[in-house]
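Here's the structure, in structure tokens; my notes come after.
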Amino acid sequence: MDDLEAVVGPRGNNTRDAERIEILGELHGEVMVFQSMAIKEISRAGAQIETGFPLQLDCLHDFRLTLGDRSVVVKGRVVHCSITDVEEGLVLYRSGLEFIEPSDGVSTVISEFIDAIKNGRRAL
């Protein structure tokens, strides 16, 4: 394959806006993949979640929390992770998260959600 074919493509269709260059050696990156999780406990400072995959200790992740009819994204650090259940080849992991510098808006949504749960339980 010549350089023109690499950029233009085998059929002559130019599919790129910019030329790509080959990386000699190694160049690393990361990919963000959205996976479902269950929120088991929540506080103003963090949460405990359950996933079908382990989270690496001390790693930072962005977590989307659906709290009632509102949704927020908060950065969290994984403080612990352990296997909680193994059933028919399915492994469940429970992880503790520490929220890292949530914005005022995110903190407000979390606090209001916690308060609503507490008030709802008092009414029972």
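The values are calculated or read from the model by the stated rules, or taken from the named source; none is laboratory data. Quantities reported herein were computed from a predicted structural model and do not represent experimental measurements. Cβ: placed from backbone, ideal geometry, glycine included. Neighbour counts: every protein chain shown.
In this structure, does SER95 turn out to be in a strand (DSSP E or B), under 14 Å from the mean Cα position of the chain (by Cα) and surrounded by 15 or more Cβ atoms within 10 Å (Cβ to Cβ)?
Details: in a strand (DSSP E or B): yes; under 14 Å from the mean Cα position of the chain (by Cα): yes; surrounded by 15 or more Cβ atoms within 10 Å (Cβ to Cβ): yes.
Against the criterion (in a strand (DSSP E or B), under 14 Å from the mean Cα position of the chain (by Cα) and surrounded by 15 or more Cβ atoms within 10 Å (Cβ to Cβ)), SER95 qualifies.
Matching residues to (1) at pLDDT 95 or above; (2) in contact with a helix residue (DSSP H, G or I) (Cβ under 7 Å, 6 or more places away or on another chain):
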{"position": "LEU57", "(1), (2)": "yes, no"}
{"position": "VAL72", "(1), (2)": "yes, yes"}
{"position": "GLY76", "(1), (2)": "yes, no"}
{"position": "CYS81", "(1), (2)": "yes, no"}
{"position": "GLU88", "(1), (2)": "no, no"}
{"position": "VAL109", "(1), (2)": "yes, no"}
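Just to be sure, is GLY96 touching a His at 6+ places or on another chain (Cβ under 6 Å) and not β-branched (Val, Ile, Thr)?
Numbers: touching a His at 6+ places or on another chain (Cβ under 6 Å): yes; not β-branched (Val, Ile, Thr): yes.
Criteria met by GLY96.
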Next item on the list: Please state which one of VAL109, VAL72 is outside any strand (DSSP E or B), within 19 Å of the chain's Cα centre (by Cα), surrounded by 15 or more Cβ atoms within 10 Å (Cβ to Cβ) and of a type in the set (Val, Ile, Thr).
Entry: VAL109
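Please determine, by comparing only the residues of the range 40-62 that are among the β-branched types (Val, Ile, Thr) and under 17 Å from LEU92 (Cβ atoms), which one is surrounded by the fewest Cβ atoms within 10 Å (Cβ to Cβ).
Residues of the range 40-62 among the β-branched types (Val, Ile, Thr): 42, 49, 51.
Subsequent filtering for residues that are under 17 Å from LEU92 (Cβ atoms) retains 49, 51.
Numbers: ILE49: 22, THR51: 16.
This residue is THR51.
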